[in-house]
Each structure stands twice: as structure tokens, then as C-alpha cells.
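**Q** My questions all concern the structure below.
Here, each number is a calculation from the coordinates, and none is a lab measurement. Quick caveat: nothing in here was measured; it's all calculated off a predicted structure. Cβ placement follows ideal geometry from the backbone for every residue including glycine, while neighbour counts extend to all protein chains displayed.
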Amino acid sequence: MPNLARSIDWLRVIRMLAQSIAPGVAAVALISELVRPVGPDPTLDSLVLSVFCLLTVVMVAICGWTVFLWDIDRLFFKLESKIDAELRETHPKSDEPGDSLLGRARDLVGKAVGNIRAKSIVLVEKSYWDDINAGGVLSFPQPDIAAAIEHIDRPRRDLLAPLVHYVGSAIPLGNLSAPLLSRLIFRSVAPEVKVRLYRRLIVRFLQQLGALFALTAVCFFISILAWSRLSDSIFVQGHVSAKSVLFYQIDLMLRGALFDFMEHTQRSVSPITINRHATAFVYYTLLFRMFVAVYVISSVFRVARFVFRRWRALLVR
């Protein structure tokens, strides 16, 4: 068994679960909820409850692990260092031969960069993003930050090649070198490329966590809906409708996200209340409420820390 566990590609299993299995099963359950006949079906509800309780717990674990893995600061520090190293390499030396050619290239950059700046930024940004995400290492739902950093450190293709090709076709160069002009253009657009990569990393982080959170919330809703049909004792009101269960979940999420505000002000959006004597259900819903709280804290903290360290660049651009 230990050998079998080590031989399994767990990353592929997790991606199949989050990308295909869980969304597919949830979609089938929601559709069947719309078309199922009126009245309880204990066998079906027991199966749905078992499957979606398990899926909820697994998705909570995957979401927590993904938050732990997403080290945005470490990844961008490495990428930023690589960009800065390339900028130092493009810095012309004063004793370099052909200084007049460099001066002419600078003049040409000053005249032409306004016309090609936007396209140049897009090309360089895409080239760097494709490089750090080679092989889909930042794909949903589990990013492989170590693999992305390792790939950045490796000797690799010229990331300015798309810009060189574009400059060669868009600007009349005469006897100037397209690679030389491209590197000078890169020096002028590098700060904006960095900011775009900042934003792209933040958006990717929020997209992945948002998708995982939504999927976990759907699994949790289906599980408590099935639970409410199997047992009239989990809510004080007895048998409740799907709409009431939905509002109960929204209320639970608000209490998790807003911490003690809802409790302290005695506010609620739920028309139903939980039965405190239903111990298993109480602890199951507590798990989801804690998950929401941890999700909000960790997501806001990571994004806020990242933005705080680079707020000047993000505001300027």
C-alpha cells in the first residue's frame, strides 16, 4: 500500500477531482434536484449525503492546501530578479564599440516607442508569463510554485524573441540590429511589464481560490439539503425547503466571513435556525463556517501583503 500511494500522481488526481469529477457530480445533483419528483427518497438522499459530505471535506482540504502553496511573493521575487538581471545585461557599456550606433538606436526608440509601446508590453508580458507557466504549473487547482521557480532559474530561450520579430517587421531599421533595438525598448517597458505580471499573479490566485470556494460551497449546499430531507431534527422548523437551506448557508458564510459582527448585532438572513441538539450536523456546519473564516483571512492577507509591498508601482501604472 505505501508503494501504491507513492506511485500515484496525486497532483493529477486532485486536478481531475476539482476540474471534472466534483463539478460534474454537483451539476448532475443540481439538475436532478430540479427534475426529481416531489417527496423524499431515503436511499437517494443517503447516497447524495455520503458523497457530498466527503466531497465537501476533500474540497476544504484542497482549498487550504492551495492557499498554503500559493506563495506569490516568492514567485514574483524570483521573476523580478530575472527581469532585473536581463535589464543589467542590456545596459550598454561606455567603452563598447559602435557607440554611435547605440546613440542612433536610442533616438529611434524615443521616436518609435510611442507607436509600438502597447504591443511591445503585451508581447513581453505574454512571453514571461508563458515561461513561468510552462507545462501549466500554475494551473487550477494546485499551483506548483517550486516548479515555476525552478523553471525561471534554468537557462532558457530568449524571451525577447517575439519582440525582436515584431520590431523587425514594424520599424524601418536600416543598418540597425533588431535585437539591439528590442533590448532598448525592453528597458523602457520593463517597469510596466512587472506591474502587469503583478496583477496577473493576483488575478490567477483569486481565480483559483474563488473557483475552489464556489465548488466547495455547492458541495456543502447539496449535502445539507440531502441531510435536511433525511432528518427533520437538524433544523428547529423541521422539514424545510431548498430555498430556506440556501439562505441558511448564506447566513453561515456571512458569519464566517464577518466573524462576530453578525453575532454581536443579532443579524441574520436565514429564515431557519439550527437544532443545537443535532450534534453531528452542528459540528459539520462549524467546519464549513471555520473554512470560510480561514479562507477570507488567508486570501485577504496574502493579497494585501503582496500589494502593500508594491503599492507604489501599482498606483503609478
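**Q** Enter the per residue convex hull volume of segment 203-246, computed from alpha-carbon coordinates, in Å³ rounded to the nearest integer. Numbers along the way, then the final one.
**A** Details: hull volume 2.8 nm³, N = 44.
Convex hull volume per residue, Cα atoms: 63 Å³.
**Q** Which residues' amide hydrogens lie under 5 Å from the amide hydrogen of Phe235, considering only partners 5 or more residues apart or on another chain, with H built in the peptide plane?
**A** Asn275
**Q** Only loop residues by DSSP count here, and only those with at most 10 other Cβ atoms within 10 Å; note down the trypsin sites (Lys or Arg not before Pro) in segment 203-297 that meet that.
**A** Working: sites: Arg204, Arg229, Lys243, Arg255, Arg267, Arg276, Arg289; in loops: Arg267, Arg276.
Hits after loop and neighbour filter: Arg276.
**Q** Once phi is turned into ³J(HN,Hα) by the Karplus curve 6.51 cos²θ - 1.76 cosθ + 1.60 with θ = phi - 60°, what whole-Hz value does each residue of segment 271-278 show in order, with x for glycine and proline?
**A** x, 10, 10, 6, 8, 5, 8, 7
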